Structures are given as structure tokens and as C-alpha cells.
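The values are calculated or read from the model by the stated rules, or taken from the named source; none is laboratory data. None of these values were measured; they are calculated from a predicted model. Note: ideal-geometry Cβ built from the backbone for every residue, glycine included; neighbour counts use all protein chains shown.
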Amino acid sequence: MIIHLSRHVDRAQAEALGVKLSAIVADYGNGIVLITPSAMKEVPAEFSSLVEKSFPFSDDIQLASRKYIDGTREVRIGDLVIGGNSKNTMMIAGPCSVESEEQIESAAQLCVKLGIGVLRAGAFKPRTSPYTFQGMGVEGLKLLAKMRDKYGLKIISEVRDSTHLNYVIEYADIIQIGAKSMYDHGILRGCGAVRKPVLLKRGFGTTLQEFVQSAEFILSGGNDQVMLCERGIRTFETKTRFTLDLCGAAWLKQYTNLPVFLDPSHAMGYAYGVPDLTRACMAMGVEGLIIETHPNPAVAKSDASQQLDYPTFEKLYASLKAMAPAIDRQLI
Ligand code: PEP
Ligand code: MN
């Protein structure tokens, strides 16, 4: 149950009540909120004078539920807005990994040329093998920050584990939590404690319920700037890297209040299918798309097979721009 406390309740009273109700106390800056286990269906009568409003739930998807906020939460990345009353679909583009200044600068210049506001690239890569490129680490984040300063772009980069969370918080405008880290409670709680937008990717072996409950860890920490990203789940199919769960995206739009992103690059795993799949994603009317593009995919140090070369990306982007009005959206 989500409980909005009355204005006259101070932090100490809220904490005391939180202990009595086994509730998390969250402060979003406009009033204190308690979140109890969803098993609680009514506020005990003795505390009713402290409560302004309460919202019961049938399961532990609470803060992310449309039954709590009937609409999509607004998320602001600087001056870029998604969700809320906007009809914006945000494109995030860039290589899988930062590899060199020259490489990331070329991606930054592509974004500027096309009017794309957010540049992606991993600096701490959660690779499947320890013998492959693991990312440039903090040096990579510094290169991304340099691109922000030089080109006025926003930066998104992923956290691999909580040991370097503070670096990503310091350098990135959006913190990306990768599919393999969706259950890392150190990262989730750390992201709940900051006031920066977070893009949470769905683990490839997790249900929608588990995915959204991971988001609840961040939301209940007091950070309401959370975006969900479906990036493909593992099924019996092996011809493509993963299976993009577009049905799941429809479910997330219907039942949660968080902006939804789709990542066709990691789902498909092969560049040949990414443009068509991205248009299918655009047609879903989601808040964002995240696409990998590289100046020379053949020599990319990670995810070489799925990254689009620039001419292919530019052609795709033009087709998405043309599609947007037909589905009453604006590509930003
Ligand atoms: C990535 O975005 O480069 C990445 C590793 O994605 P995922 O966590 O979805 O595999
Ligand atoms: Mn990648």
C-alpha cells in the first residue's frame, strides 16, 4: 500500500510510523510517502489522522503502477522531456563501447548532424567472456564527458557493478543498468539514492513482474526518474541473439507509469535486421529507442555484428522521422 502522509507529519513521525507498518519511507520533495508490503489493504484506524490518501495494491508493483499514477511519468534529461504530456520518442544512439577519442567523437558528430540529443556508449562492459574487451573504464567516461562539453550532448553509460557506480553517477546524464545487472541490489539501491535519470534494462531471463519490481527498488529509494528498457529475452530460438518482447512492451505501457524504451540492437544481434525491427519498435509508440551505431562496425571491440554503419543509421533515422507523425509522436 502507498500511503501519502498529511502535511503536518514530520520526518521523525514518518520514520516511526514506517517502523510500525514495516514500510519504506520515501521523500520525493513534495510530501512524505510510505510504501508498505502490498499485503496491507487498509491503514490501521489509529493512524488515520496522519494519512492524507492511501492506495492499496494486489501485488508489489506499486509505485510503478498505473493504479497509482494513471499516465506516464515525466522524465527530464536536462531540457529533453519524455512521458508526461509530451508525445516525444527519444532516440539514443552511439557505439556499444567507447573505444577511442576519435571513435566516440565521430559518433558525437553523427548525433549533432542528425539532431539527436543523447549519445550512448559503455565504459564498463559486462562481457560474457573475461578474455574480451572489458571497456575503457573511467577513461571512457571522461571521453564521454568531453563530448558532452564539446557538443552539448547528453551522455548515457552503463554501470557493470556497484564498485564504480559513483563514477557513472558523476559523469553520465543517464545511468544505464544493464540486463545482466537488473538484479544487482547494490546498483538498484544506489540509483534509488540519487536524483539522476536511470534506464533499467530487463534481464533476458526475467518476467515482466520481476523487471518492474526491480524498478520499484529505485523508485522506493526516492528516485522517480526511472525508464524501463526491453532489450530481448531468451527463448528457444537461436537464429537471432534474443527475442524482442514487443508484447511485453505493450503490457508495460498498459500497466506501468514508467516511460518505456526498446533496444532492437541487442535483441536482434545482427545489423541486417535492426532497421526493420526499429521501425516496428517505433510503431509501438514508446518513449524511446536505443540503437548501436559505429563508424566501422567490422572492427568494433564489442557487439560488432549488430552495430549499424552510419549510412544505414542515417537512412533508418530518416524513415523514423517520417513515421512519427503517422502515430502521433515526435522523434527527439
Ligand atoms: C549495452 O547496451 O551495450 C548492453 C550491454 O546492453 P544489455 O545490458 O541489454 O545487454
Ligand atoms: Mn552492446
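Before moving on, here are some points about what is shown:
- Checklist (1) touching a residue at least 24 places away in the same chain (Cβ under 8 Å); (2) out of contact with any helix residue (DSSP H, G or I) (no Cβ under 7 Å at 6 or more places or on another chain); (3) closer than 23 Å to residue 200 by Cβ; (4) surrounded by fewer than 24 Cβ atoms within 10 Å (Cβ to Cβ) applied to residue 82, failing item: (4)
- Residue count for region 256-272, restricted to those that are touching a helix residue (DSSP H, G or I) at 6+ places or on another chain (Cβ under 8 Å) and at negative phi: 11
Yes/no per residue for (1) in contact with a strand residue (DSSP E or B) (Cβ under 6 Å, 6 or more places away or on another chain); (2) within 16 Å of ligand 1 (Cβ to nearest atom); (3) part of a loop (DSSP other than H, G, I, E, B):
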| site | (1), (2), (3) |
| --- | --- |
| 57 | no, no, yes |
| 68 | yes, no, yes |
| 71 | no, no, yes |
| 86 | no, no, yes |
| 89 | yes, no, no |
| 92 | yes, yes, no |
| 102 | no, no, no |
| 105 | no, no, no |
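- Set side by side, the residues 278, 256 differ, and just one is within 16 Å of ligand 2 (Cβ to nearest atom), over 20 Å from residue 103 (Cβ atoms) and in contact (Cβ under 8 Å) with a residue 40 or more places away in the chain, which is 278.
- Count of residues meeting criterion [under 24 Å from residue 28 (Cβ atoms) and in contact with a strand residue (DSSP E or B) (Cβ under 9 Å, 6 or more places away or on another chain)] in region 178-193: 7
- Qualifying position, being within 15 Å of ligand 2 (Cβ to nearest atom), crowded, with 19+ Cβ neighbours inside 10 Å and within 16 Å of the chain's Cα centre (by Cα), among 231, 241: 231
- Restricting attention to region 1-11 and to residues that are at pLDDT 95 or above and among the aliphatic types (A, V, I, L, M), the residue that is surrounded by the most Cβ atoms within 10 Å (Cβ to Cβ) turns out to be 3.
- The set of residues from region 298-328 being in contact (Cβ under 8 Å) with a residue 12 or more places away in the chain, within 16 Å of ligand 2 (Cβ to nearest atom) and of a type outside the set (Gly, Ala, Ser) comprises 301, 303, 306, 307, 308, 309, 313.
Yes/no matrix, rows are residues, columns are (1) under 22 Å from the mean Cα position of the chain (by Cα); (2) over 30 Å from residue 224 (Cβ atoms); (3) crowded, with 21+ Cβ neighbours inside 10 Å:
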{"site": "249", "(1), (2), (3)": "yes, no, yes"}
{"site": "253", "(1), (2), (3)": "yes, no, no"}
{"site": "257", "(1), (2), (3)": "yes, no, yes"}
{"site": "267", "(1), (2), (3)": "yes, no, yes"}
{"site": "273", "(1), (2), (3)": "no, yes, no"}
{"site": "285", "(1), (2), (3)": "yes, no, no"}
{"site": "299", "(1), (2), (3)": "no, yes, no"}
{"site": "310", "(1), (2), (3)": "no, yes, no"}
{"site": "319", "(1), (2), (3)": "no, yes, no"}
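- Members of region 49-77 that are among the acidic types (Asp, Glu), closer than 18 Å to residue 197 by Cα and in contact with an Asp or Glu (Cβ under 7 Å, 6 or more places away or on another chain): none
- Among (1) at pLDDT 95 or above; (2) within 27 Å of residue 228 (Cβ to Cβ) - the single one residue 29 does not satisfy: (1)
- Tabulated pairs, region 114-130, first closer than 18 Å to residue 81 by Cα, second within 11 Å of ligand 2 (Cβ to nearest atom), C-beta under 7 angstrom, 6+ apart or interchain: 119/94; 120/94; 120/290
- Total residues in region 123-154 satisfying the condition of being more than 19 Å from the chain's Cα centre (by Cα) and under 21 Å from residue 180 (Cβ atoms): the figure is 13.
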